[in-house]
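Presented below is the structure to which this report refers.
Please treat every number below as a calculation from the coordinates, not as lab data. Predicted, not measured: the structure shown is a model, and the values here were computed from it. Cβ coordinates were reconstructed from backbone atoms using ideal geometry, including for glycine residues, and neighbour counts include every protein chain displayed.
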Amino acid sequence: MAFDVDLVILGGGCAGLSLAWRLSGLGAECPSTLIAEQRATYVNDRTWCFWSNNDTKVEPLVLQQWQWLQLEAHGRSIRFDCGKVPYQMLASSDFYEHACQAIKGSSSVSLSLDTAVIAEPRKVSAGWAIETSQGTITARMVVDTRPDQAPKKGKAALWQSFYGHEVVCDIEVFDPACAVLMDFSVSTSRQIPFTYVLPISRHRAMIEATVFGPDPLCPMDLVAQLEAAKLKYVGDASFCVVRSESGILPMGLKKQPARPDSGYVKVGVMAGAARASSGFAFQRIQQWAENCSLAIAAGRGVVGQAKDPWVLRQMDHLFLKVIGTEAQIAPDLFLSIFDKADSASVIRFLSGRGTLKDYLQIIAALPAKHFVRQLLVPRFPQFSSNPAK
């Protein structure tokens, strides 16, 4: 059977464009590829942050970076020195623009905007047929970046919900040398709320209300928390909101999507790209995109997100059990990690590049009693659906 393309990528978001960008650089080894993206245009809808790993594709796009990170809880404040690995911020608009430019420069990769998938891909011969709003596409391989499930209580150990405003002030109120990684509000028995502040200049910053909890929250649920955060960090200064962003990230998916066929993979934040204990996903997606593009070039076909090492998965699972059961102690646990462990070990651990020595550093920084107690609990705790409890 003759196919329209060798590869179709369903969804042109971070994961889809990351793979297409790398494929476009393969030259003659690049398979014919089509990205089907339902949005008609790209806008600056996301902010991605990570610790530098000298990615030659990403580094030139970095909008801002911070040598120092601040964490606050219960009147206690610490500053964390990132050492040789600054914390970096990337605007999605810059990423989209550069990825799309690379795709335009490739004779093998094309992007079809305003193209919705209207029926689940079906197996045909040795490939796949996908019904879209622009017609049927056939392909030998499929990389599906669409979430296979909506965020829902019970689908993940916890959810990270966030809602932020990028503000511009008429006076200098921010410190562009230091980002606020976590400024904890009062935790409840079920939720861990905190503020995240990314200063772009002395006048400009992204201020974000974030909650770790069993229930995925919409922006309206976070309005009061965000307004309180803006009041704290902007004070009496006059300011305007230039854009907003929101999202929900899984922290410890209960079930990974099935792989229908060796030529079909599900990827993205709802398929294991988001780190369970933190929600960090951007660099993990970049590593997957590199691995997948190399596998395709070598004739091995498409590959999914690689699993974290067993020890790391167990550590993340136990940590989520602890903060899910005892949310009120979560702020102190995070401060302990950043305060007591070696900074390079913390960064490698959170970036997914940790060694056994780094794992031991993190373990030593945390109070053992909470974790020993949860080791005796066979299942992840069940939460009440009543927000008042």
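For the reader, a short list of remarks on this structure follows.
- Relative packing of peptides 215-228, 332-345 - highest average C-beta neighbours within 10 Å first: 332-345, 215-228
- As a proxy for reagent exposure, ranking Leu231, Leu10 by other Cβ atoms within 10 Å from fewest up yields Leu231, Leu10.
- Among the listed pairs Lys153/Lys266; Lys232/Lys321; Lys57/Lys307, those beyond 28 Å (Cα-Cα): Lys232/Lys321
- Beta bridge orientation in the chain: antiparallel %, DSSP, nearest 5: 75 percent
- Applying the criteria of a DSSP loop state and at most 12 other Cβ atoms within 10 Å to the GluC sites (Glu not before Pro) of the range 132-219 yields Glu172.
- The range 155-202: relative contact order as a whole-number percent, Cα under 8 Å and 6+ apart: 36 percent
- Taken along the Cα-to-beta-carbon direction at a fixed 7 Å, the label points for Ala28 and Glu131 span 4.1 nm.
- Euclidean distance of C-alpha centroids, the range 259-285 and the range 27-93, integer Å: 17 Å
- Sorting 43-51, 156-164, 187-195 by average packing, meaning the other beta carbons within 10 Å per residue, from highest down gives 156-164, 187-195, 43-51.
- Dipole axis of the chain (+1 Lys, Arg; -1 Asp, Glu on Cβ), positive-most option in Cys100, His165, Gln134: Gln134
- Debye, to nearest 20: dipole size of the chain, +1 on Lys, Arg Cβ, -1 on Asp, Glu Cβ: 1360 debye
- Trypsin sites (Lys or Arg not before Pro) restricted to DSSP loop in the range 75-108 with at most 16 other C-beta within 10 Å: Lys84
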